[in-house]
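Shown next, in structure tokens, is the structure this report addresses.
Nothing in this text is a laboratory measurement; each read-out follows from the coordinates by a stated rule. A quick note: this is a predicted structure, and the numbers were derived from the prediction, not measured. Ideal geometry is used to build each Cβ from the backbone, glycine not excepted, and the neighbour counts take in all protein chains shown.
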Amino acid sequence: MAANKVMSIADAAEKVLAAAGIPMHYGDITERIQQEGFAVSASQTPAISVYVCIRADIKQRTQNGQPQRFEFLGKGNFGLTASKGDAITLKIAEHNKATMEALVAKMHGLTPAEFEALVGEILALLGFEDILVTKITKDGGIDAHGTLNVQDALKF
């Protein structure tokens, strides 16, 4: 955990959402709060605590006539009212997260040989030349080499 000043859960959620710049699900907000060490919860279910704190903040500000800092977007998603993420932004973020999770799961299912071949293809797509994917060794690791020509000035 980073050595940051501990703050209220609502303040921590606001900081996480501001850094992300897009609406997020309360579970993802909770993960970031914990990763950054912004707030501490003794709760057995910290994600539920975050959800309840944000909803309570919205209710309290409504009752007191204060400007809202959070906006509930449905299905456990929250955004900041100062930088409202529209429904399209939220859908894109959800799609990107699902796609990333599916790609990671698929890569975990590859054999070492399939993974090395994939790395070779990725290097080619990134513009590397003279790509060599070596035979699998007993470590099963990634053995791929290539040359990247950067504007005819540098070669890696």
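Once you sort the root eigenvalues of the Cα gyration tensor of segment 1-61 as a ≥ b ≥ c, which label holds: rounded (a/c under 1.5), prolate (a/b larger than b/c) or oblate (the other case)?
Details: a/c = 1.45, a/b = 1.17, b/c = 1.24.
Rounded, because the longest to shortest axis ratio a/c is under 1.5.
Using the basic label-point model (7 angstrom from Cα toward the beta carbon), what is the K75 to V104 distance in nanometres?
Placing both labels 7 Å beyond Cα along the Cβ direction yields 1.9 nm.
Give me the count of lysine pairs in the chain whose alpha carbons sit under 27 angstrom apart, restricted to pairs 8 or more positions apart or on different chains.
21
Largest first and in whole Å, give the semi-axes of the chain's equivalent ellipsoid, each being the square root of 5 times a Cα gyration tensor eigenvalue. Provide the component values of the computation, followed by the final result.
Details: eigenvalues 379, 67, 48 Å².
Largest first, the chain gives 44, 18, 16 Å.
Collect residues whose amide H, placed 1.01 Å from N in the peptide plane, falls under 5 Å from the amide H of L73; neighbours closer than 5 in sequence don't count.
Here F78, G79 satisfy the definition.
Figure the gain on full extension for T111 and Q44 (residue separation times 0.36 nm, minus the Cα-Cα span) and round it to one decimal in nm. Let's see the in-between values first.
Working: separation 67, 0.36 × 67 = 24.12 nm, distance 3.79 nm.
That pair, T111 and Q44, stretches by 20.3 nm at full extension.
Using the basic label-point model (7 angstrom from Cα toward the beta carbon), what is the D130 to D143 distance in nanometres?
1.9 nm
Peptides 9-21, 50-62, 102-114: what's the order by average Cβ count within 10 Å, highest mean first?
Values: 9-21: 19.4, 50-62: 16.7, 102-114: 10.5.
So the peptides 9-21, 50-62, 102-114, ranked by packing, come out 9-21, 50-62, 102-114.
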